[in-house]
Amino acid sequence: MPALTDSFSPSQFSPSQLPPAPDALRQRPLIADLLALSGFRTLMAREGTPVNIARMMFDRPYAYERIAVAHGSADAALQRAALQLFGLYLASDPDIH
């Protein structure tokens, strides 16, 4: 097997031309309170309405739609949970601040 003749040379690209680090590509969750989300899902399940926690964490329109359904419920605990989650989503909305 022949010996390698190429020596290591530094990159010709500036840091701004390099692809972003893997962490920079990850979408941050809108809210990360899994306890609140799982409680909300449980209350919604009692009403017969499914809730996808992953979508609640990353899809604001889906989350707002589920919250609206919950707020229209006759269950006071579900209405309170909906208001609590709505507050968390509002706090995470950069367009409001």
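For region 40-64, which positions are of a type in the set (Gly, Ala, Ser) and under 19 Å from the mean Cα position of the chain (by Cα)? Of everything in region 40-64, those that are of a type in the set (Gly, Ala, Ser) and under 19 Å from the mean Cα position of the chain (by Cα) turn out to be Ala54, Ala63. Scanning region 24-46 for residues that are surrounded by fewer than 16 Cβ atoms within 10 Å (Cβ to Cβ) and either more than 17 Å from Ser73 (Cβ to Cβ) or of a type in the set (Val, Ile, Thr) (or both) yields Ala24, Leu25, Arg26, Gln27, Arg28, Pro29, Ala32, Asp33, Leu34, Leu35, Ser38, Thr42. Taking Gln12 as the residue in question, decide whether it is more than 28 Å from the chain's Cα centre (by Cα), modelled with pLDDT of 60 or more and not small (Gly, Ala, Ser). So Gln12 passes the test. With respect to the conditions (1) in contact with a helix residue (DSSP H, G or I) (Cβ under 9 Å, 6 or more places away or on another chain); (2) at pLDDT below 95, Ala21 falls short on a single one, namely (1). Residue count for region 65-76, restricted to those that are surrounded by 14 or more Cβ atoms within 10 Å (Cβ to Cβ) and either over 17 Å from the mean Cα position of the chain (by Cα) or at pLDDT below 95 (or both): 5.
The values are calculated or read from the model by the stated rules, or taken from the named source; none is laboratory data. None of the values given here were measured: they were computed from a predicted structure. Virtual Cβ from ideal backbone geometry, glycine too; neighbours counted across all protein chains shown.
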